[in-house]
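**Student:** Here's a structure for you.
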Amino acid sequence: MRVLLTTPANNTSDLRPSKVPGRVFVTGFLFAAHSQLLVTGTSHMDAMVKSAAETMTKTFEELSSLLHEVSWQKQHVFVVSFKAFNVALDVWKESDSQQLVSSMERHYLELDRLWQTVQRQTSGDGDEEWRVGIQNQRRDLLKKIRVLGGNKAADSAVQKQHKVRTTYEDPQPSTTPSLGSAQVMPSSET
């Protein structure tokens, strides 16, 4: 990893330095060796991160074959391929995170619809368990959205919740505050 920290290419302004080069390096080897287990899709992002990992491992193998011979050119090529993988990995992770947030948001809105139905149409001893269970699931899901996508993603889910509620057949307002309200879960809570 010393080559990643001492090579002049480390200061290249168009490629940001890795925060934890060892983890990124090992991740690259995992992607190159076991991409079929780590990359489940066939998107451009998936192909890009796989290709960058394979290039990085190939340039590392070339660099490590020169045990007694220092080649700044080979080090430079490796560092550039390492940084390219790091950028590809960040883009891939961001895309994956966005897909997860989108899926959780859809589930949150479905739970809100169910919450509205259960809240209005049930009465009886077992109904409170349903209400509490659904409310807990909604709260947990909103927390997960906030952790993965930040306050902006959580606020967006709550705004969509308010918008979708206006389309319900029975537009009675809920007596329960929205999970996004300050009384239930402030934006700073994670």
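The values are calculated or read from the model by the stated rules, or taken from the named source; none is laboratory data. Since the structure is predicted, the reported quantities are computational estimates derived from the model, not experimental observations. A quick note on method: Cβ atoms are made from the backbone with ideal geometry, for glycine too, and the neighbour counts reach across all protein chains shown. The area values use the complete protein model at the heavy-atom level, side chains included, leaving out ligands, DNA and RNA. Shrake-Rupley method; radii C 1.70, N 1.55, O 1.52, S 1.80 Å.
**Student:** Kindly establish whether G22 is modelled with pLDDT of 80 or more, more than 20 Å from V91 (Cβ to Cβ) and either more than 27 Å from the chain's Cα centre (by Cα) or open to solvent by less than 80 Å² (accessible area, probe 1.4 Å) (or both).
**Tutor:** For G22, the condition - modelled with pLDDT of 80 or more, more than 20 Å from V91 (Cβ to Cβ) and either more than 27 Å from the chain's Cα centre (by Cα) or open to solvent by less than 80 Å² (accessible area, probe 1.4 Å) (or both) - is met.
**Student:** Just wondering, is there one or more residues in segment 159-166 that are among the polar types (S, T, N, Q), buried (at least 17 other Cβ atoms within 10 Å of the Cβ) and either at pLDDT 80 or above or closer than 30 Å to A47 by Cα (or both)?
**Tutor:** Within segment 159-166 (the criterion being among the polar types (S, T, N, Q), buried (at least 17 other Cβ atoms within 10 Å of the Cβ) and either at pLDDT 80 or above or closer than 30 Å to A47 by Cα (or both)), the answer is yes, since at least one residue qualifies.
**Student:** OK, next. Taking the stated definitions as given, is A33 under 23 Å from S95 (Cα atoms) and at pLDDT 90 or above? It would help to see each step written out before you state the result.
**Tutor:** Details: under 23 Å from S95 (Cα atoms): yes; at pLDDT 90 or above: no.
No, not satisfied.
**Student:** To continue, here is another question. Scan segment 87-98 for residues that are over 15 Å from K152 (Cα atoms) and among the polar types (S, T, N, Q) and jot them down.
**Tutor:** Within segment 87-98, S95 is the sole residue that qualifies.
**Student:** Among the candidates V49, V87, V101, single out the residue that is under 18 Å from the mean Cα position of the chain (by Cα), open to solvent by less than 20 Å² (accessible area, probe 1.4 Å), modelled with pLDDT of 90 or more and aliphatic (A, V, I, L, M).
**Tutor:** V101
**Student:** Is one or more of the residues making up segment 55-71 open to solvent by 70 Å² or more (accessible area, probe 1.4 Å), hydrophobic (A, V, I, L, M, F, W, C) and either in contact (Cβ under 8 Å) with a residue 12 or more places away in the chain or farther than 19 Å from V20 by Cα (or both)?
**Tutor:** Scanning segment 55-71 turns up at least one residue that is open to solvent by 70 Å² or more (accessible area, probe 1.4 Å), hydrophobic (A, V, I, L, M, F, W, C) and either in contact (Cβ under 8 Å) with a residue 12 or more places away in the chain or farther than 19 Å from V20 by Cα (or both).
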